[in-house]
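See below for the structure under consideration.
The values are calculated or read from the model by the stated rules, or taken from the named source; none is laboratory data. All of these numbers come straight from a predicted model, not from anything done at the bench. Glycine also receives a Cβ, built like all others from the backbone with ideal geometry; neighbour counts cover every protein chain displayed.
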Amino acid sequence: MIKEINNGVYPTMLTPFTADNKIDYNAVEQLLEFYTSRGVKGIFAICQSSEIFFLSFEERLELLKFIMAHKPAGVSIVASGHTADDIDRQIYEAKAFVDTGIDAYVYIANRFAKEDEGDEMFLRNFEKVSSALPDIGLGIYECPYPYKRLMAPDTLAKCCSLGNLKFIKDTCSHIDEIKAKIEATKGTGLKLFNANGATLLESLKAGASGYSGVMANFHPEIFAWLCDNFEKEPEKAKIVADFLSFASTVESRMYPVNAKYHLSLLGVDILTKSRVCDDSSFGEGNRKEMQAMVNMEKLINVTYCT
């Protein structure tokens with residue numbers, strides 16, 4: 001069944017780990033509660049922030065089943081886990097993820113064609129996988145790993161005609177390209193979620209449906225306020241958008257370790273353990289940066305988002 005997905009904020013869900021490098025399901029449950037207590041309307045699960053390229057298929061599937069078993073009421077769950085190279089394997093794994101009951105299954109754009117292959121190959125594989133799946137909403141994620149494949153507006157429109165495309169996590173960080181994608185897919189039911197804080201406000205004004213990016217692991221409530229109030233309170237929205245734009249620079253400061261530490265400052269029982277990078281390199285300076293961010297978030301929330 002094709003489900004409608006909510007507009008709003010979709011955090012790219014982290015995967016917490018225990019000290020012995022196993023998935024920490026206690027922290028997963030707390031993370032779901034954290035997101036929903038701060039106004040998100042959806043969650044993008046089993047994505048790159050989830051460290052999916054460092055999880056086995058069995059781990060990805062078990063994690064998604066747990067998330068769906070603890071799905072918060074009223075929140076849309078879109079999920080990927082799309083890491084395989086072989087198309088038949090992609091279909092096998094996608095069916096397993098779809099069977100968990102997610103609201104939409106999200107493809108990673110670079111899985112359908114190599115970096116030196118054109119959109120014809122991409123569209124051929126997109127159609128092959130889509131036609132083999134049950135009747136479900138689909139999405140595309142312009143994931144930067146192992147290489148970033150951005151969707152051309154006309155290619156995106158063709159995907160809408162080939163499958164039930166409902167969600168795109170856009171990572172182009174270019175407002176004119178975002179506007180072109182929105183225009184090319186108008187009337188198809190596709191919703192664009194911007195991953196870039198610097199262009200978010202402009203994209204919302206152009207018709208984007210919300211935000212889906214790593215910074216929703218730090219202050220989702222501020223993104224939620226912007227999505228809900230950018231038209232009603234334009235002067236405040238500009239100041240809030242400027243904060244979100246500048247704050248997004250911490251993505252380059254040992255993410256996702258810094259996000260996990262930041263969450264611990266907000267009361268989530270989560271370790272900084274990561275399979276992507278060594279958390280032992282996360283030093284005092286990094287920790288002070290996160291405490292400063294918490295202080296600034298409180299100021300922005302009290303001054304502008306109330």
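Before moving on, here are some points about what is shown:
- When we screen N21, N6 for residues that are assigned to a loop (DSSP other than H, G, I, E, B), surrounded by fewer than 21 Cβ atoms within 10 Å (Cβ to Cβ) and in contact with a strand residue (DSSP E or B) (Cβ under 7 Å, 6 or more places away or on another chain), the only hit is N6.
- Yes/no for C277 being in contact (Cβ under 8 Å) with a residue 12 or more places away in the chain and part of a helix (DSSP H, G or I): no
- From A208, A259, A198, residue being aliphatic (A, V, I, L, M), at pLDDT 95 or above and in a helix (DSSP H, G or I): A259
- Taken over the range 262-274, residues that are buried (at least 18 other Cβ atoms within 10 Å of the Cβ) and either assigned to a loop (DSSP other than H, G, I, E, B) or without any contact (Cβ under 8 Å) to a residue 40 or more places away in the chain (or both) amount to 4.
- Comparison of E59, E33 shows that the only residue that is of a type in the set (D, E, K, R), surrounded by 16 or more Cβ atoms within 10 Å (Cβ to Cβ) and farther than 26 Å from S203 by Cβ is E59.
- When E93 is tested against the conditions (1) in contact with a His (Cβ under 8 Å, 6 or more places away or on another chain); (2) crowded, with 20+ Cβ neighbours inside 10 Å; (3) without any contact (Cβ under 8 Å) to a residue 40 or more places away in the chain, the lone failure is (2).
- Selected residue (only one of M151, M121 is among the hydrophobic types (A, V, I, L, M, F, W, C), surrounded by fewer than 17 Cβ atoms within 10 Å (Cβ to Cβ) and not in a strand (DSSP E or B)): M121
- Selected residue (criterion: surrounded by the most Cβ atoms within 10 Å (Cβ to Cβ)) from residues of the range 177-188 that are within 17 Å of G163 (Cβ to Cβ) and over 19 Å from the mean Cα position of the chain (by Cα): T185
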